[in-house]
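Comments concern the structure below.
The values are calculated or read from the model by the stated rules, or taken from the named source; none is laboratory data. Remember, it's a predicted structure, so these values are computed and weren't measured experimentally. Here the Cβ is made from the backbone with ideal geometry for all residues, glycine too, and neighbour counts use every protein chain on show. The protein model used for the area step is the full one, side chains on, heavy atoms only, and it has no ligands, DNA or RNA in it. Shrake-Rupley method; radii C 1.70, N 1.55, O 1.52, S 1.80 Å.
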Amino acid sequence: QGELVESRGGSVQSGGSLRLSCVVAAYTYSSYCMGWYRQAPGKEREGVAAISDGAGESYAEFVKGRFTIALDNAKNTLYLQMNNLKPRDTPVYYCAADSNPCIPLVVINAPLDADFPYWGQGTQVTVSS
């Protein structure tokens, strides 16, 4: 068990794009469950996107069509491509990983009950209007 290493966040204007990365070194991708979560000040953690081997991907309704989760096995890196960003996307983002598969929709819909053994340190995303 250990922490995942996230890239620094960024600041963009509404409509802009950012890509977050999360290094999961030494991770074996034959079986996995990975996700992105976010939390705004004073708010509860919410699921953003998740991916698992054999189960595909799942996205929160508020990011569908704008965000894309991807895993680059060669670089041992999880990405979250965020396009058409809005001020509501400003929270701190966290990546999470598990060596066991999951149902992406479940881990996204139950963000407070996520039991990922690995979590990133969090990265701030700021979107101004």
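Things worth noting here:
- Any hit, region 18-38, residues being touching a Leu at 6+ places or on another chain (Cβ under 8 Å), assigned to a loop (DSSP other than H, G, I, E, B) and closer than 23 Å to residue 128 by Cα: no
- Residue that is surrounded by the fewest Cβ atoms within 10 Å (Cβ to Cβ), among those in region 92-112 that are modelled with pLDDT of 95 or more and more than 24 Å from residue 30 (Cα to Cα): 92
- Options 35, 42: the member that is in contact with a strand residue (DSSP E or B) (Cβ under 6 Å, 6 or more places away or on another chain) and either free of Cβ contacts under 8 Å to residues at least 24 places away in the same chain or more than 22 Å from residue 12 (Cα to Cα) (or both): 35
- Within region 102-123, tally of residues that are within 17 Å of residue 55 (Cβ to Cβ), in a helix (DSSP H, G or I) and aliphatic (A, V, I, L, M): 4
- Complete set of residues in region 39-63 that are over 14 Å from residue 104 (Cα atoms) and either assigned to a strand (DSSP E or B) or within 15 Å of the chain's Cα centre (by Cα) (or both): 39, 40, 45, 62, 63
- Note on region 25-64: among residues that are surrounded by 15 or more Cβ atoms within 10 Å (Cβ to Cβ) and small (Gly, Ala, Ser), the one that is modelled with the lowest pLDDT is 55.
- Subset of region 1-20 [modelled with pLDDT of 90 or more, closer than 18 Å to residue 76 by Cβ and open to solvent by less than 30 Å² (accessible area, probe 1.4 Å)]: 6, 20
- Checked against (1) out of contact with any strand residue (DSSP E or B) (no Cβ under 6 Å at 6 or more places or on another chain); (2) within 16 Å of residue 104 (Cβ to Cβ); (3) open to solvent by less than 70 Å² (accessible area, probe 1.4 Å), residue 80 passes all but condition (1).
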